[in-house]
Amino acid sequence: MSEYAETERKKEGMKQTVLITGNNGFIGSYLQKRLQGSYNVIGISRQTGTDIADYTTFKAPECKIDVIVHAAAAACDDFETAFQTNVVGTRNICRYAKEHGIVRVVLLSSIFAFDKPDNGYFNSYGRTKKLSEEVALGYCREHGIDLSILRLAQVYDDKRLAAEGQAMLYYFIDTIRTSKQITLFGRSNPIRNYIHIDYLCSVVEEVIGGTKSGTWNVLEEKSHTIAEIAYMVFEVVGTIPEIAYLPEKPDIPSVHIPATQQYVSESTRSISLKEGIERILHEAR
């Protein structure tokens, strides 16, 4: 599209077009529903015939794409699988942006990408997400593409589409709701930070609508130890806490919660974990 045509399009208030990768996945599907009202949304995934690890499956866009939101990822501990999707796939997305004149990319990463002693989840997924950030930064800098990286805390939702990835949170909720008790393993009491999918969608929408590029950590305002989360669930359920401890069991891995580069929204508040638990329980009724 020529500069003149682009200017005229903006004058006429035409919607921007956003390409979402992994639109059939947990985060991508929510983003597609959220953005459809304000943007023309195109989604790609393996289900639509595009494997981001295989550039030969990419198709030329049928219209001018303004922004790519790269949500596709392999959240597994198999290095080869994770590398192909998270690293090669990210390189291919950046290449696609360059070859089709797409000037903005929003990469959804993870706080698991921090190579820190207290990150018990710096496994194949965390390592390849770290590499994907480095690939995107180098490629976009070289080719003049605006890049925003959002490192996400653990994302959950009311309808349990995140159940596989956030098994511990839903286990706590279901066990306390039905059994009125819970057992905690190990001697440690690691910290967790959970963000609700609705807040994440608001942040992505805000980033797309703005002009800033950079790297941010997207966190809920307050982190909690796993014991605090258990007590919180008991409070929401309305049951006297009954917690058993098995210190001889292996410790639950810790998660590194970054203290800097936190994303501060200008238009929306984060959803507290207590409110999120209330919403999950309400959905279960």
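Read-outs throughout are calculated quantities, based only on the coordinates presented, and are distinct from any laboratory measurement. Just so you know, these numbers come straight off a predicted model, no measurement behind them. Please note: Cβ atoms are built from the backbone with ideal geometry, for glycine as well, and neighbour counts cover all protein chains shown.
Here are a few things to note about the model shown:
- Beyond 26 Å in Cα-Cα separation lie none of the pairs K159/K222; K98/K129; K116/K222; K33/K159; every one falls at or below that value.
- Using C-alpha pairs under 8 Å with a sequence gap of at least 6, the mean separation divided by the residue count of the stretch 190-266 gives a relative contact order of 52 percent.
- Of (i) 53; (ii) 71; (iii) 56, the label for percent of Cα pairs over 24 Å apart derived from the coordinates: (i)
- As a proxy for reagent exposure, H143, H282 were ordered by neighbouring Cβ count within 10 angstrom, fewest first; the result is H282, H143.
- Sorted by Cβ neighbour density within 10 Å, fewest at the top, the residues V67, V204: V67, V204
- Computed extension gain for E248 through T183, at 0.36 nm per residue and net of the alpha carbon distance, reaches 22.2 nm.
- Top of E221, E142, E134 by mean-square fluctuation, Gaussian network on the chain, Cα under 10 Å: E142
- With the simple spin-label model, which puts each label point 7 Å out from Cα in the Cβ direction, the Q261 to T211 separation comes to 2.4 nm.
- Computed about the Cα centre, the dipole magnitude for the stretch 158-264 is approximately 160 debye when only Lys and Arg (+1) and Asp and Glu (-1) carry charge, each at its Cβ.
- Neighbourhood charge, 14 Å Cβ-Cβ cut-off, centred on G210 and excluding it, Lys, Arg +1 and Asp, Glu -1: -3
- GNM flexibility winner over the chain from S188, S270, S148 (Cα, springs under 10 Å): S188
- Ellipticity at 222 nm from helices only: DSSP H runs of n ≥ 4 in the chain, each -39500 (n - 2.57), divided by the residue count, give -11000 deg cm²/dmol.
- Relative contact order of the chain: 17 percent, from C-alpha pairs under 8 Å at least 6 residues apart in sequence.
- Separation between Cα centres of the stretch 199-272 and the stretch 83-162, rounded to whole Å: 20
- Distance cut-off 16 Å, percentage of C-alpha pairs in the stretch 52-120 lying past it: 54
- Mean separation of Cα contacts under 8 Å, 6 or more apart, over the residue count of the stretch 108-161: relative contact order %: 43
- Sorting F26, F83 by the number of Cβ atoms found within 10 Å of their own Cβ, with the fewest placed first, yields F83, F26.
- In plain terms, if you count all Cα to Cα distances in the stretch 128-201 and split them into 5 Å steps from zero, the share in each step is 3, 12, 16, 15, 16, 12, 10, 6, 4, 3, 1, 0 percent.
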